[in-house]
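As structure tokens, the structure follows; a few thoughts come after it.
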Amino acid sequence: NERIAQEALQLKELLNANIHLANAYPSTPEHISIEIPNFDAVAYNREIEQHHKAAMYNYAEKYNVTEENVHIQSGAPEDVIADIVQDVDAELVILGAPTRNGFSAFLIGNTAEMVIDSINCDLLALK
């Protein structure tokens, strides 16, 4: 994340651009209420959202990104990123792309590969 932020800051200065930060977090699994009858999915979702907001707002403050440019949504990263790109009319997305080998690469892939066909802008993937 630090390298992504540093690259974004450099590009911001070069291109006189705005930085938006995106964070996707998983929603509560639907079957958990069946397995744990007293589980409060609403409270759990609220707590997870608050955790992600606090972390992202702290991160944004570190890089002087305004809270209005911080986007935190429940869902798969590729879906959340595509939605945010469309909402803010982004021209460039910078993502981290961890290197995976073998079977895990085949099964999991990476967010950059999954999002590239759903966005109408350039994508910079950093290893």
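The values are calculated or read from the model by the stated rules, or taken from the named source; none is laboratory data. Values in this document were obtained by computation on a predicted structure and should not be read as measured data. Protein only, heavy atoms only, side chains kept; ligands, DNA and RNA dropped before computing areas. Shrake-Rupley method; radii C 1.70, N 1.55, O 1.52, S 1.80 Å.
Normalised per residue, the accessible area of the chain is 70 Å², obtained with a 1.4 Å probe and no contribution from ligands, DNA or RNA. Distances between placed amide hydrogens fall under 5 Å for Gly75 paired with Tyr25, Ser27, all partners being 5 or more residues away or on another chain.
Shown in residue order for the range 4-21 are the 3J(HN,Hα) couplings computed by the Karplus curve 6.51 cos²θ - 1.76 cosθ + 1.60 at θ = phi - 60°: 4, 5, 5, 4, 5, 5, 5, 5, 4, 5, 5, 9, 6, 10, 9, 9, 10, 10 Hz (x for Gly and Pro). For Val70, the residues 5 or more places off, or on other chains, whose built amide H falls under 5 Å of its own are Leu21. Once backbone amide H atoms are built at 1.01 Å from N, Ile94 has Leu124 as its partners under 5 Å, excluding neighbours fewer than 5 places away on the same chain.
Normalising the average separation of contacting C-alpha pairs (under 8 angstrom, six or more residues apart) by the number of residues puts the relative contact order of the chain at 27 percent.
To the nearest 500 deg cm²/dmol, what mean residue ellipticity at 222 nm is calculated for the chain from DSSP H runs of n ≥ 4 alone, each contributing -39,500 (n - 2.57), summed and divided by the residues?
-15000 deg cm²/dmol
The orientation-averaged projected area of the convex hull spanned by the Cα atoms of the chain comes to 9.3 nm².
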